[in-house]
Amino acid sequence: MEPWTGAIRSQMVEAIVGIGVLLFVFTSGVESRKRPKFGCFEYAAISCRAHEASLEDFGGVGDGQTSNTNAFKSAIEHLSQFSSDGGSQLYVPPGKWLTGSFNLTSHFTLFLDKDAVLLASQDESEWPVIEPLPSYGRGRDADGGRYISLIFGTNLTDVIITGANGTIDGQGDIWWQKFRNKELNYTRPYLIELMYSSNIQISNLTLMNSPSWNVHPVYSSNIVVQGITILAPVRSPNTDGINPDSCTNTRIEDCYIVSGDDCVAVKSGWDEYGIAFGMPTKQLVIRRLTCISPTSAAIALGSEMSGGIQDVRAEDITAIDTESGVRIKTSIGRGGYVKEIYVRRMTMKTMKWVFWMTGNYGSHPDNNYDPNAIPVIENINYRDMVAENVTMAARLEGIAGDPFTGICISNVTIKLTEKPKKLQWNCTEIAGISSGVTPKPCDLLPDSEPGKVTPCNFPEDSLPIENIKVRVCSSGRKYL
């Protein structure tokens, strides 16, 4: 064999081997893209999805330092094409995912792995400013616009935000400092806000350190908030837990909330703006809630309630070291109404007030409110409650000439602290009845039938949202 022939043969063998290596690498790469980058798992949801992707497929980096705002936006934009083809799911893997605000899409699930943490960016440029809510007329922290929420959506249907108890950390301390120092030009962002949307599920997540409110469905319907843990320092400003606002058919259940404000705050717009917008919150179920909030209420109705609040059913509530149990907040100029409120089986430990209603809350958005817009508070029912270590049983203050009426309190036992207030029931401008209540209520709540416990109403029928069932969905296949 000629020497040059052997050299050529050797070069050919090397070339063939090289091509083989390239083919192996290429085909292995194809196969790796076909294989899911995350394992199979199951979860409960109102809708299951046909298409899936991981945030890493769109350049996401979970190192806690790299901004993933564009990765979230790209992923959701890509997945939105499947909204009419079985919907889509975005999986957030283990890691710390720094991000600014991003918008969701319809027929979509955002799923956080148990070891996934969304970290809200502290760069204000990643928080666009949007218009104030029409039922408020202005921002709550400042006149004018508001920073968009971390997770936002409007005019959507069939939206799920869930996980295996993954975490969303709002890193709110910088916002709280700006609020306290009066350095804000716009209202602080919320963690989750969905507007003008329907068929919403928010479940199985831990929300921490929100700049302001945590969960804010507004102008929306058919909402399930379930299995949420909310944590914020108890002195952090306005870190309300869950605030259904001008919403119909909402179910809040099995949540644990530690916050610097009301654990659940039911709202429907502010003074003349809420009256003009005219969208009430109604058909609301709250159950199996545990609340810790030393400066606020377990459940607050108002103070922004100018569109009306009707048919709220709360049961099996535990409040610990909380300023008040259920609080109704309103004032002249609010207009609107709070009526058909039903609460039962509430346990309270270490409270300033068990019952608190006030018609002089004040806090107007501007001076254009109508002084003749008098709120109507009626048909308020509390039953089957126990409380201990209480400073004062009740502070019930209606509006002069327009009392709060139809108040019913029955089967309630309140044990007082070692140094209670001398006056246990401070009642003005209210009317109603009581039955089986200790200590004895004020004269404006006379015993309906001495010696008997007359149960206050609690509806026996079910609201439509109570019949919404979750399904077992599985994950692990990707269709990019």
Distance in nm between label sites at Lys349 and Asn181, each 7 Å beyond Cα in the beta-carbon direction?
3.9 nm
So, counting K/R as plus one and D/E as minus one, what does the shell of residues with Cβ under 15 Å around Leu104 add up to?
-1
Residue-averaged 222 nm ellipticity for the chain, from DSSP H runs of 4+ at -39500 (n - 2.57), nearest 500:
-4000 deg cm²/dmol
Working out 0.36 nm times the residue gap between Asn368 and Tyr196, then minus their Cα-Cα distance, what length gain in nm do you get to one decimal?
59.3 nm
Cα centroid distance between the stretch 335-363 and the stretch 62-128, in Å?
38 Å
Computed over the stretch 111-152, the convex hull of the Cα set has an average projected area, in nm², of 4.2 nm²
Using only the alpha-carbon atoms, how far is helix 69-79 inclined from the longest principal axis of the chain? Give it as 0 to 90 degrees, nearest 10.
80 degrees
Rounded to the nearest 0.05, what FRET efficiency do Val234 and Ala44 have when you use their Cβ-Cβ distance and R0 = 41 Å?
0.85
For a distance above 22 Å, tell me the whole-number percent of Cα pairs in the stretch 335-411 that qualify.
35 percent
On a 1.4 Å probe surface of the protein chains, which of His51, His78 comes out largest in accessible area, and what is the full order?
His78, His51
Round to a whole number: what % of the accessible area of the stretch 47-478 belongs to carbon and sulfur, probe 1.4 Å?
46 percent
Largest-first ordering by accessible area, 1.4 Å probe, given options Thr322, Thr454:
Thr454, Thr322
Determine the sum of side-chain charges near Gly333: Lys and Arg each +1, Asp and Glu each -1, restricted to other residues whose C-beta is under 12 angstrom from that of Gly333.
-4
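Using alpha-carbon pairs under 8 Å, 6+ residues apart, how would you state the relative contact order of the stretch 47-478 in percent?
9 percent
Using the Kirkwood radius built from alpha carbon pairs, what does the Stokes-Einstein equation give as D for the chain at 20 °C and 1.002 mPa s, in µm² per second?
Once the numbers are plugged in, D ends up at 89 µm²/s.
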Put a dot 7 Å past each Cα toward the Cβ at Ile174 and Lys73; how far apart are the dots in nm?
1.8 nm
Would you mind getting the accessible area per residue of the chain, heavy atoms of the protein chains only, 1.4 Å probe, in Å²?
41 Å²
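Using R₀ = 35 Å, calculate the FRET efficiency as 1/(1 + (r/R₀)^6) where r is the Cβ-Cβ separation of Val472 and Asp316; round to 0.05. Show your work: numbers first, answer last.
Details: r = 25 Å, r/R0 = 0.72.
Taking R0 as 35 Å, the efficiency between Val472 and Asp316 is 0.90.
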Report, to the nearest 10°, how far helix 3-34 tilts away from the longest principal axis of the Cα atoms in the chain, using its own Cα long axis and a range of 0 to 90°.
10 degrees
Using 0.36 nm times the number of residues separating Asp63 and Asp443, minus their current alpha carbon distance, what extension gain do you get?
130.5 nm
In nm, spacing of pseudo-spin labels at Gln81 and Glu131 (7 Å Cα→C-beta vector)
3.2 nm
So what's Rg/Rh here for the stretch 195-252, counting alpha carbon atoms and using the Kirkwood radius for Rh?
0.98
What pairs from Lys352/Lys452; Lys349/Lys422; Lys352/Lys419 go past 22 Å between their alpha carbons?
Lys352/Lys452
For a Förster distance of 41 Å, can you work out the FRET efficiency between the beta-carbons of Lys415 and Ser462, rounded to the nearest 0.05?
0.75
What size of dipole, in debye to the nearest 20, comes out for the stretch 89-162 about its Cα centre when the only charges are +1 on Lys and Arg C-beta atoms and -1 on Asp and Glu C-beta atoms?
140 debye
Exposure of Arg288 as accessible area (Å², to 10), given a probe of 1.4 Å and all protein chains:
110 Å²
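Using a simple charge model, +1 on the beta-carbon of Lys and Arg, -1 on the beta-carbon of Asp and Glu, nothing else, what dipole does the chain show about its Cα centre, in debye to the nearest 20?
800 debye
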Rg and Dmax of the stretch 144-213, Cα atoms only, in Å:
13.6, 40
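Let me make sure I get this right: for the stretch 280-397, a, b and c are the square roots of the gyration tensor eigenvalues over alpha carbons, sorted descending. Under 1.5 in a/c it's rounded, otherwise prolate if a/b > b/c, else oblate. Which is it?
Judged from the Cα gyration tensor, the stretch 280-397 comes out prolate (a/c at least 1.5, a/b above b/c).
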So how much accessible area does Asp143 have, in Å² to the nearest 10, using a 1.4 Å probe?
120 Å²
Considering only protein heavy atoms, with the full assembly of protein chains and a 1.4 angstrom probe, order Asp240, Asp115 by accessible area, largest first.
Asp115, Asp240
Result for the chain, cysteines with no Cys Cβ partner under 4.7 Å, is Cys40, Cys247, Cys255
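The values are calculated or read from the model by the stated rules, or taken from the named source; none is laboratory data. From a predicted model like this one, the values you see are computed outputs, not experimental measurements. Don't worry about glycine lacking a Cβ; one is built from the backbone with ideal geometry, like all the others, and counts go over all protein chains shown. Protein only, heavy atoms only, side chains kept; ligands, DNA and RNA dropped before computing areas. Shrake-Rupley method; radii C 1.70, N 1.55, O 1.52, S 1.80 Å.
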